[in-house]
Amino acid sequence: MMRILSLLTAAAFSLNAATIEARYAISFWVIGQVGSATLKLQRDAGRYRIEANATLQGVAALLAHHHSEYFQSEGHIDAAGRLVPERYRVLRTMDDYRREQLYRFGPSGILRAQHEKMRVTLRRFDAASMRYVTTTRPAERRSFQLEPYRADNDLLTLYFNVRQQLATLAPEHSLTFNAAGAGRGKVHIERTLLPYRYRVQLDQDIFRSAHGEMAIETDEAFYVKSAILKDVLLFGDLKVEREWLKKSP
């Protein structure tokens with residue numbers, strides 16, 4: 001889900017392969033599987049592109065107004081192998097609603113452009129029929145903002161660039177990183193006492209989760225095995241489990 005996808009990349013992949021793909025099943029403990037999430041990283045000629053997509057299905061899609069989220073990060077790879085974002089795009093769609101956010105990284109900071117499309121309901125009194133009449137019409141909103149923080153990462157590049165820091169993080173210690181797309185630009189990660197388990201706080205609405213809080217488990221190579229997204233509207237806790245992962249040269 002997702003924007004849950006932005007953190008499913010957390011320490012998940014090495015950069016040895018030119019293309020890395022993974023698929024995760026999204027489930028709720030009462031309903032069972034309610035959706036799926038996919039991730040794809042491509043590298044070529046010193047450039048990279050990351051795409052992440054999450055969708056719901058069946059009853060879950062109906063209850064959540066067919067909520068889907070798409071994320072894309074593009075940029076270059078520096079001499080140290082670090083992913084350097086230039087553009088970060090977030091697209092959220094629901095019934096009669098579409099919001100696209102585009103973050104551009106530049107010398108003066110991070111500029112965020114937002115474009116929303118929706119349908120609004122209007123109610124007016126019709127003197128001819130002597131009753132109130134309700135109509136709907138399309139509406140749009142655009143905004144531009146220079147983000148009040150500076151960051152060298154977006155949510156998709158963040159953990160590719162801090163894998164070693166996560167691997168050496170002591171139990172019950174935490175780190176805070178700056179990343180475009182996170183609430184107030186901050187991502188807080190705490191290692192638990194259990195091996196390969198972390199608590200992540202984004203402080204933002206992820207798939208209509210109240211605070212964007214997740215529990216993540218990785219394998220020994222720091223590939224994400226599963227994640228639990230806390231307090232999702234209508235569902236409680238959602239669980240994401242890896243179905244497969246593949247690399248190609």
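What net charge is computed for the residues neighbouring Val120, neighbours being all others with C-beta under 14 Å from the C-beta of Val120, Lys and Arg scored +1, Asp and Glu -1? Let's see the in-between values first.
Details: positive: Arg98, Lys117, Arg119, Arg123, Arg124, Arg137, Arg141; negative: Asp95, Asp96, Glu116, Glu140.
Value of the local net charge: +3.
Determine, from the Cβ-Cβ distance of Tyr97 and Arg150 and an R0 of 30 Å, the FRET efficiency 1/(1 + (r/R0)^6), rounded to the nearest 0.05.
Details: r = 31 Å, r/R0 = 1.02.
Efficiency, rounded to the nearest 0.05: 0.45.
Counting 0.36 nm for each residue step from His65 to Arg141 and taking away their Cα separation leaves a gain of 25.3 nm. Please compare each pair in Lys40/Lys239; Lys117/Lys186; Lys225/Lys247; Lys40/Lys247; Lys186/Lys239 to a cut-off of 18 Å on the Cα-Cα distance and tell me which ones are over it. Too far apart for the 18 Å limit: Lys40/Lys239; Lys117/Lys186; Lys186/Lys239. The portion of the accessible surface of the range 57-173 made up by carbon and sulfur, rounded to a whole percent, is 52 (1.4 Å probe; DNA, RNA and ligands excluded).
If we sort 185-194, 123-132, 74-83 on the protection proxy, mean other Cβ atoms within 10 Å, highest first, what's the order? Don't skip to the end; give the middle numbers.
Details: 185-194: 16.9, 123-132: 8.0, 74-83: 14.3.
Peptide ranking by packing, descending: 185-194, 74-83, 123-132.
The values are calculated or read from the model by the stated rules, or taken from the named source; none is laboratory data. A quick note: this is a predicted structure, and the numbers were derived from the prediction, not measured. Counting neighbours? That spans all protein chains shown, and the Cβs are built from the backbone with ideal geometry, glycine included. Accessible surface is based on the protein model in full, side chains and every heavy atom, while ligands, DNA and RNA are left aside. Shrake-Rupley method; radii C 1.70, N 1.55, O 1.52, S 1.80 Å.
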